[in-house]
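A short worksheet on the structure shown next.
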Amino acid sequence: MNCCNDKSVSSLYDGSKLCRNHFIEYFETKVFKTIRQFELIGREENLGIALSGGKDSLTALHILCRFSKQNPKIKINAIAIDEGIAGYRDKTLKKAKEFCGNNNIKLHIFSYKEEFGLTLDEMLKILNVKPCSICGIFRRYLLNKKSRELKFTKLATGHNLDDECQSILMNQLRNNVEASARLGPKAGIFNNERFVQRIKPLYLCTEKEATTYAFLNGLLDTFSECPNARQSFRAQVRDMLNDMEKKFPGTKYSIVNSFLKILPLLKEKYKNGILKICAKCNEPSANDICNACVYLERLNYRELETNRH
Ligand code: SF4
Ligand code: ZN
């Protein structure tokens, strides 16, 4: 991209530098192109955007609001999950409420405490598990269930190129190729009315680009990270990828681009995966009882045990 190079704010992975205005133009063009290329959004949609109040989801919401202004039949709503992580989620939710209030966007908030009876912090005191594994299961569960109940036609998330790269590699390292079939710019399980399709408009934007865009648009003034994030497997993979990217610029693009070439084959291979309905909650599940219900049972059992002694 040609740039006037007036006070450059961002260097791209290929070494080119862009000023503020040209960077914003570059970023938005890339997102709109991604939406068209992968047919993420139809002519008429009741879109939900999963909003955490962090830089990626605020960027996705900001840019989709701009998109909906040019396409009046696209309705925009935000949905946030309050896991109950003291000192962290309260701050990001404040940011989410502020943004939605200022931009006239309906924000639906659901919490673990109200839906499951316990905050994530409380769950982690009862069960000795990795925070992100249990947190991710409950968040995906609630996002899908509530998006369906709210009649969202699709659920957009702020996942960027770095997130996708990490997920691809994590699935490889865990020998879980089937999970990779559910990745991609259009993610999740298709052709099942109980699943709301997830879309990732920032799919081809790096984390650095999304952060730059968020700061340049005043969406964020500080950077905060979940206190549990460092314990995760994802954090290890992220550090490894960042190290590789530093040594070999373009690594992340290469991983995602080569993944996109094999993704149609993976989707075809796993398209008939057996999907059941959880016997406890009636939500879709790979097993007779879904993972969320399995954890809830364990939590209730442990709590009863603790109260008894
Ligand atoms: Fe949940 Fe882990 Fe994300 Fe924190 S980093 S919000 S614990 S998934
Ligand atoms: Zn269930």
Exercise. Within the group G184, G117, G158, G188, which residue is touching a strand residue (DSSP E or B) at 6+ places or on another chain (Cβ under 9 Å) and on the phi > 0 side of the Ramachandran plot?
Worked result: G188
Exercise. Can you find a residue in the range 190-199 that is surrounded by 14 or more Cβ atoms within 10 Å (Cβ to Cβ), among the β-branched types (V, I, T), in a loop (DSSP other than H, G, I, E, B) and over 21 Å from the mean Cα position of the chain (by Cα)?
Worked result: no
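Yes/no matrix, rows are residues, columns are (1) surrounded by fewer than 24 Cβ atoms within 10 Å (Cβ to Cβ); (2) under 14 Å from the mean Cα position of the chain (by Cα); (3) in a helix (DSSP H, G or I):
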| position | (1), (2), (3) |
| --- | --- |
| S57 | no, yes, yes |
| H62 | yes, no, yes |
| C65 | yes, no, yes |
| P72 | yes, no, no |
| I81 | no, yes, no |
| G87 | yes, no, no |
Seminar exercise, completed: Of the conditions (1) among the small types (G, A, S); (2) in a loop (DSSP other than H, G, I, E, B); (3) buried (at least 22 other Cβ atoms within 10 Å of the Cβ), the single one that G15 does not satisfy is (3)
Exercise. Within the range 225-241, restricting attention to residues that are closer than 24 Å to Y13 by Cα and surrounded by 15 or more Cβ atoms within 10 Å (Cβ to Cβ), which residue is nearest to ligand 2 (Cβ to nearest atom)?
Worked result: R234
Exercise. Taking K151, is it part of a helix (DSSP H, G or I) and either more than 14 Å from ligand 1 (Cβ to nearest atom) or of a type in the set (F, W, Y) (or both)?
Worked result: no
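Table: residues versus (1) within 16 Å of ligand 1 (Cβ to nearest atom); (2) touching a residue at least 60 places away in the same chain (Cβ under 8 Å).
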site: R194; (1), (2): no, yes
site: Y203; (1), (2): no, yes
site: R234; (1), (2): yes, yes
site: Y253; (1), (2): no, yes
site: K261; (1), (2): no, no
site: N272; (1), (2): no, no
site: C281; (1), (2): no, no
Seminar exercise, completed: (1) modelled with pLDDT under 95; (2) under 16 Å from the mean Cα position of the chain (by Cα); (3) surrounded by 17 or more Cβ atoms within 10 Å (Cβ to Cβ) all hold for P131 apart from (2)
Exercise. Does T251 satisfy being within 20 Å of the chain's Cα centre (by Cα), more than 16 Å from ligand 2 (Cβ to nearest atom) and β-branched (V, I, T)?
Worked result: no
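The values are calculated or read from the model by the stated rules, or taken from the named source; none is laboratory data. In this text the structure is predicted, and so the values were computed from the model without any measurement. Quick reminder, even Gly has a Cβ in these numbers, built from the backbone with ideal geometry, and neighbours come from all protein chains shown.
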